[in-house]
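Have a look at the structure below, then the notes.
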Amino acid sequence: MRLHIDTIPVWDAYGRDSECPLCDLHAANEQACLESFLGASVMEPDVRVEVNAKGFCGHHFERMFAMQNRLGLALMTHTHLKETMASFPRPALKKRGLFRKKEAAAQTGGTCVLCERLGRTMERYLYTVPYLWTREKDFQRAFAESKGVCLPHYRGLCDMAARALSAAEAGAFLAAIEALQRENMARIEKELEWFTLKFDYRNADKPWGNSKDALERAIHKLRGAAGINELRTGRYGR
């Protein structure tokens, strides 16, 4: 395990007041990947070979298009398009459909080199959290004082603990994260309830407390990075 690479960002993320430190890590690493692909990586042969073969998902094409480096994106898209055209198969009926699953993913834009890289990075962070929790008392305190995580990362941490820790360590970690998650889900539920009650004229002059952004934070808690991206791109009304 690359301690200095993987543990320091996790410590930093748990030092911030966030509904999900892992979402913060996801956002930071996604932005770094986007900038890398539109920067010097555009001209690196090994990167171009991988991009040519896999391309990007619609979400990451959209993100890179918005970054205003049209030339860099056009160069990568052009060679990816050419390779896609060169390997584009003639459709042929098969017992289970026109294409096998792997073929269908490659030919219908179902792969994304950026998603794959980001997934590998986040897998390491999902491992680092329970690793630190079992070995660092200070991290246990930071973990207990946090606001938990979003539900997608909660499931990821639980799965990783069950796979990577001993039975005793996993049991202790799962008990701690479940208690923390229930506590913070209840907190957000109360804040969201008060958000709705503030629309009653009888509560108009009462303080908002922590409820003014409760809807955004509730969506974040439920959906994680996907929910935040949908908020930012206007897929949810405000």
Notebook entry, point to check: Taking all protein chains as present, what is the carbon and sulfur share of the accessible area of the chain, in % to the nearest whole number, probe 1.4 Å?
Noted result: 58
Next item on the list: At most 14 other Cβ atoms within 10 Å plus a DSSP loop assignment makes a site exposed; report the longest stretch of the chain without any exposed GluC sites (Glu not before Pro).
Entry: 1-135
Next item on the list: Give me the accessible area per residue for region 130-172, probe 1.4 Å, as a whole number in Å².
Entry: 51
Note to self: Name the residue from A168, M64, W208 whose Cα lies farthest towards the positive end of the charge dipole of the chain, charges +1 on Cβ of Lys and Arg and -1 on Cβ of Asp and Glu.
What the structure shows: M64
Next item on the list: Filter the chymotrypsin sites (Phe, Trp or Tyr not before Pro) in region 166-217 to those in DSSP coil with at most 12 other Cβ atoms within 10 Å of their Cβ, and list the result.
Entry: F199
Check: Dipole size in debye (nearest 20) for the chain around its Cα centre, Lys and Arg Cβ +1, Asp and Glu Cβ -1?
Finding: 1020
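Counting only heavy atoms of the protein chains, get the accessible area per residue of region 34-87 (1.4 Å probe) and round it to a whole Å² value.
57
With a length cut of 27 Å (Cα positions projected on each helix's long axis) and a Kyte-Doolittle mean of at least -1.0, go through the chain and give me the DSSP H helices that pass. Before the final figure, lay out each step's value.
Values: long enough: 113-135 (34 Å, -0.26); 167-197 (45 Å, 0.10).
Span-like helices, by this rule, are 113-135, 167-197.
Note down the Stokes-Einstein diffusion coefficient of the chain in µm²/s, whole number, using a Kirkwood radius over alpha carbon pairs, 10 °C, and 1.306 mPa s.
77
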Next item on the list: Could you list, in their original order, any pairs among K54/K221; K198/K221; K82/K221; K147/K206 whose Cα atoms are separated by more than 29 Å?
Entry: K54/K221; K82/K221
Notebook entry, point to check: Are there cysteines in the chain with no other Cys C-beta under 4.7 Å, and if so, which?
Noted result: C33, C158
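The values are calculated or read from the model by the stated rules, or taken from the named source; none is laboratory data. As the structure is a prediction and not an experimental result, all values here were calculated from the model. Please note: Cβ atoms are built from the backbone with ideal geometry, for glycine as well, and neighbour counts cover all protein chains shown. Accessible surface is based on the protein model in full, side chains and every heavy atom, while ligands, DNA and RNA are left aside. Shrake-Rupley method; radii C 1.70, N 1.55, O 1.52, S 1.80 Å.
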